[in-house]
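Reading through the structure tokens given below for one structure.
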Amino acid sequence: MSNQTQDMNQKNGKLVIKLVAIVFGMFGFAFALVPLYEVFCEITGINGKTSDTAAVYEAVEVDRSRVITVEFITRTNTGMPWEFTAQTRKIEVYPGEMNQVDFYVKNSTAKDYVAQAIPSVSPGTAALYVNKTECFCFNHQPLKAGEEALMPMKFYIDPQLPKDIKFFTLQYTLYDVTASAQVVAMNQG
């Protein structure tokens, strides 16, 4: 084998090692993105997630000098065959005032399902000031075939909500969690 061929083989070997290292680095970075994004969102408060635990309502002075408009949007994840609507599309509230809105669900299929609602708030900074004392989103929602239900959500807006936020949207997306709920039930039983 000539020196030129050996040199070429060494260069190709080094190039392959570099390329493999780059590929592993890209995979590592991709896996690190999710936790890094969550930390970034938590620090900046722009994630739009509300708390997944019930708030305790403490009687606070209702701020009647401001009116906040809250819009409710519902959707089902692809493949979730339920009807899901907000009974109230838009409500005007005072910061500190307790409110209730109801959501209608119907399982129009011949199969039993378990759903989980995931909330999202836009603009995301408003999520820090939405306090839910009762919400269907805290638990799985089982519905038998053909069954329907009204699901309440009780909330208040913290009076500390920044003055520039006069309107925000609270969206609930309904996901099918039937399979995971069955696994949990089997492990507990």
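Values computed for the structure shown
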item	result
Gly45 vs. criteria at pLDDT below 95, touching a Ser or Thr at 6+ places or on another chain (Cβ under 9 Å) and surrounded by 10 or more Cβ atoms within 10 Å (Cβ to Cβ)	yes
Residues being touching a Pro at 6+ places or on another chain (Cβ under 6 Å) and closer than 27 Å to Leu161 by Cα - total across region 97-133	2
In region 138-155, the residues that are within 19 Å of the chain's Cα centre (by Cα) and either in a helix (DSSP H, G or I) or basic (Lys, Arg) (or both)	Phe138, Lys154
Residue list for region 119-129, restricted to those being hydrophobic (A, V, I, L, M, F, W, C) and either closer than 20 Å to Thr85 by Cα or outside the structural domain of Gln171 (by TED's automatic domain parsing) (or both)	Val121
Extreme residue, farthest from Thr69 (Cα to Cα), among residues of region 109-163 that are touching an Asp or Glu at 6+ places or on another chain (Cβ under 9 Å), free of Cβ contacts under 8 Å to residues at least 40 places away in the same chain and surrounded by 13 or more Cβ atoms within 10 Å (Cβ to Cβ)	Pro142
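The values are calculated or read from the model by the stated rules, or taken from the named source; none is laboratory data. Note that the structure is predicted; figures quoted are calculated from it, not measured. Positions of Cβ are generated from backbone atoms using ideal geometry, with glycine treated the same way; all protein chains shown enter the neighbour counts.
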